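**Student:** Sharing a structure with you now.
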Amino acid sequence: YGNGLDRVPPALPRRLRALVLPHNHVAALGARDLAATPGLTELNLAYNRLASARVHHRAFRRLRALRSLDLAGNQLTRLPMGLPTGLRTLQLQRNQLRMLEPEPLAGLDQLRELSLAHNRLRVGDIGPGTWHELQALQMLDLSHNELSFVPPDLPEALEELHLEGNRIGHVGPEAFLSTPRLRALFLRANRLHMTSITAEAFLGLPNLRVVDTAGNPEQVLIRLPPTTPRGPRAGGP
């Protein structure tokens, strides 16, 4: 942590399970930098200087046991290729991501949590089918991007969705058709007004418990279908 390293140290122990190197100066990941540690389950390279052009597409190929990957706070403009298919948690917040495509996320059918907060994503930058293979994803954080509406075709298993700090001004009746298990929705600090969320938006969401709409230009009217067993909490004053 904060040791001024400019590369992944060589000759790491083969049986290493966790490699934690945040707040250093690592600017590149080569094809063999992590090849000697195939047993890693946790890799933390947050707040380094990694740029997309300098992360080799085979950098993670030997890390079949990896479950947690933290690349937050780097200079990535696109998702790394060749991510280990056994990942459960992927942290990519506070990068410079401008596009999402299906290929880097292909095969990540065990991923539970994905953070893409504090990037530069717009809805048009999210390619069709991007979420298709994320069948186990329960938490998605897209807060503090440049989204103007709820991205379509979100993963069916999703339970927690963070969209706070975007530019969303309207939530239509089809916004959550693909996410019937949704429990918590965060829309704080967008551009919503009193009637910006249509009455049908939450139909088919029987598990919804939290809807946070604080910090918008007006207090937002939350309408729940009468069949919902328990109403969500409207967040904040």
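Each value in this text was obtained by applying a stated rule to the coordinates, not by laboratory testing. The structure presented is a predicted model; accordingly, all values stated were derived computationally and were not measured.
**Student:** Quick one: Karplus J couplings for the range 107-115, per residue in order, coefficients 6.51, -1.76, 1.60, θ = phi - 60°, nearest Hz, x for Gly and Pro?
**Tutor:** Here the 3J(HN,Hα) series is x, 8, 7, 10, 5, 9, 10, 9, 10 Hz.
**Student:** Hey, another quick one. Residue separation times 0.36 nm, minus the C-alpha to C-alpha distance between Thr195 and Val210: what's the value?
**Tutor:** Full extension from Thr195 to Val210 adds 3.6 nm.
**Student:** Full extension from Arg58 to Ala27: what is 0.36 nm times the residue separation minus their Cα-Cα distance, to one decimal in nm?
**Tutor:** My answer for the length gained is 9.6 nm.
**Student:** Between Leu16 and Arg223, what length in nm is gained on full extension when 0.36 nm per residue of separation is reduced by their alpha carbon distance? Let's see the in-between values first.
**Tutor:** Values: separation 207, 0.36 × 207 = 74.52 nm, distance 5.14 nm.
Working it through step by step, the gained length comes to 69.4 nm.
**Student:** Another question, then. In µm²/s, what is D for the chain at 4 °C and 1.567 mPa s, where D = kT/(6 pi eta Rh) by Stokes-Einstein and Rh is the Kirkwood radius from Cα pairs?
**Tutor:** 69 µm²/s
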